[in-house]
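The values are calculated or read from the model by the stated rules, or taken from the named source; none is laboratory data. The structure displayed is predicted, hence computed values, not measured ones. Virtual Cβ from ideal backbone geometry, glycine too; neighbours counted across all protein chains shown. Protein only, heavy atoms only, side chains kept; ligands, DNA and RNA dropped before computing areas. Shrake-Rupley method; radii C 1.70, N 1.55, O 1.52, S 1.80 Å.
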Amino acid sequence: MKTPYDAAARVRQREIDDLRKLIDAERGRLAQIDKRLETIAAALVREARLAADDPALTAQAYMDLLRAERARLVAEKPVIEARLAQLRDQTAEAYGALRAIETAAADYRHEAERILANAEQTMLDDIAATSLFRRSA
């Protein structure tokens with residue numbers, strides 16, 4: 001049975017789906033940052049080892065670039081985590097609103113069913129009363 005709440009529920013469900021996609025994207029960005037940070041750490045260790053073995057080899061500029069990228073990524077990570085927390089909060093709110101809408105829709109259906117059942121019962125009572133009245137008359 002359709003209810004006046006169905007459109008609102010669909011809108012909220014789409015909102016939740018969109019928020020989930022955004023959350024997945026942000027989690028993907030965090031994973032990429034973590035992976036890149038691991039790669040940078042390994043590269044810094046490798047370059048330091050190579051530089052220690054060969055004093056003529058200078059990798060200082062490359063190591064400085066890696067350190068700058070690491071600093072940028074480390075600074076970017078809390079921003080993404082904060083955005084992720086905000087998206088999760090929005091999703092929780094949207095989910096709560098969806099549940100409230102679904103509850104209202106269920107209540108509407110139950111009330112419509114109750115009214116229909118009462119109308120049917122009244123009709124059956126009227127038929128029985130009419131039949132009884134005809135028999136007694």
message: I need to check one value: relative contact order of the chain, counting alpha carbon pairs closer than 8 Å and at least 6 residues apart, in percent.
response: 46
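Solvent-accessible area per residue for the stretch 83-137 at a 1.4 Å probe radius, Å²? Walk me through the numbers before you get to the answer.
On the way: 4190 Å² over 55 residues.
Per-residue accessible area for the stretch 83-137 comes out at 76 Å².
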query: Counting only protein heavy atoms, what percent of the accessible surface of the chain is carbon or sulfur at a 1.4 Å probe?
result: 58
message: From the alpha carbon gyration tensor of the chain, can you work out the equivalent ellipsoid semi-axes (sqrt of 5 times each eigenvalue) and give them in Å, largest to smallest?
response: 73, 11, 8
Given charges at beta-carbon only (K, R positive; D, E negative), |dipole| of the chain in Debye: 120
field: Reachable aspartates and glutamates, given that their alpha-carbon falls under 15 Å from the alpha-carbon of Lys2 and they are not under 8 places away in the same chain
entry: Glu102, Asp107, Glu111, Glu113
